[in-house]
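The values are calculated or read from the model by the stated rules, or taken from the named source; none is laboratory data. Nothing here was measured: the structure is a model prediction, and the numbers come from that model. Every residue, glycine as well, gets a Cβ built from its backbone with ideal geometry; the counts of neighbours run over all protein chains shown. Ligands, DNA and RNA are stripped out before the accessible areas are found, and what is left, the full protein with its side chains, is counted by its heavy atoms. Shrake-Rupley method; radii C 1.70, N 1.55, O 1.52, S 1.80 Å.
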Amino acid sequence: MISDVPVLQQSSEPAEGVAAPSRLSRYARPMLGLLLPLILALGWELVVWSGWSNGRLVPPPSRVFATIADLAGSGELLRHIAATMWRVGLGFAFGVIAGTLLGAISGYWSLARRLLDPTVQALRAIPSLAWVPLFILWLGIFETSKIVLIAVGVFFPVYLGVMGAILSVDRKIFEVGRVFRLSGPAMIRRILLPAVLPAYVVSLRVGLGLGWMFVVAAELIGASEGLGYLLLDGQQLGKPAQIMAAIVIFAILGKLTDWLIELAAMPFLRWQDAFGRTKGA
């Protein structure tokens, strides 16, 4: 019994040693994504500092972050961010609801797909700016037209993602459900939803990205606040640092909201045994 104690102690020590590096790697991997932007920013800062460029049209990061600090100090930045996020949030919600419902109907019901899909595909080819004058005529220049325009941008990738995911579900899985005599709702809940969910999460992320793109077009519709307005104001007043500051904030907010979707979907996708989830991937 005495000789067993060192063996147990020796076996527990490597486990603790392995846990620490894995915990460190879990926090270190997301930081790798910051490496390339930091290298590019530092490189351009050095180019301007050394005099190889005057940085007038493409200001260095120090000047951009000074502009962000000035806007934040005056309270103007928070107002613009809040207005843009409110529009993107509402437009994303409406676009996701409509895209999910119509995509599910078109994917599950072949008659609805023949009726709806050709029209949706034709509308999808219309550029975002082409909707702007029409929505101004229909809905005016206030918030409704902006939110509807963003919802249109979100709708198409979500619709295509849901419909394509349903159509790509293996028929053999449905046969297994029929063998086990699952009802229609049980078939959807236990077979269809898990099969569709990974592609649905991807479509949500693509739709959110288009929502951030469409908000710039939306804020050209008579907006007096928002990051898109900040871009336009910087262009009209010849302030490249303000334009770059708005672009940087767009990038940060877009990445943060995309990360939130990934984080929210993670508990529902733990069952996946995919290549990207293998150790060290």
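Points to keep in mind about this one:
- For segment 60-280, the fraction of 1.4 Å probe accessible surface lying on carbon and sulfur atoms is 70 percent.
- Chymotrypsin sites (Phe, Trp or Tyr not before Pro) within segment 47-113, DSSP loop, no more than 16 other Cβ atoms inside 10 Å: W52, W109
- At most 14 other Cβ within 10 Å, DSSP loop - chymotrypsin sites (Phe, Trp or Tyr not before Pro), segment 127-214: F142, F180
- For the chain, projected area of the alpha-carbon convex hull averaged over all directions, nm²: 24.7 nm²
- Normalised by the number of residues in segment 168-281, the average gap of Cα pairs under 8 Å and 6 or more apart makes the relative contact order 21 percent.
- Rel. contact order, % - alpha carbon contacts under 8 angstrom, at least six apart, the chain: 22 percent
- Choice from V47, V152, V202 showing the highest fluctuation, given a GNM over the chain with Cα pairs closer than 10 Å: V47
- Rounded to the nearest Hz, the phi-derived 3J(HN,Hα) couplings of segment 104-119 under the Karplus curve 6.51 cos²θ - 1.76 cosθ + 1.60 (θ = phi - 60°) are 5, 5, 5, x, 8, 10, 5, 5, 5, 5, 5, 7, 8, 4, x, 5, where x marks glycine and proline.
- Net charge in the neighbourhood of L71 (other residues with Cβ under 15 Å of its Cβ; Lys, Arg +1, Asp, Glu -1) is -1.
- The trypsin sites (Lys or Arg not before Pro) of segment 172-281 meeting both criteria, a DSSP state outside H, G, I, E and B (loop) and at most 14 other C-beta atoms within 10 angstrom of the site's C-beta, are R181, R270, K279.
- Fluctuation leader among P198, P37, P157 - the chain, Gaussian network, Cα springs under 10 angstrom: P37
- For segment 60-280, the tally of Lys pairs with Cα-Cα distances below 26 Å comes to 4, considering only residues 8 or more apart or on different chains.
- Per residue, the chain exposes 63 Å² of solvent-accessible protein surface, assessed with a 1.4 angstrom probe and all protein chains in place.
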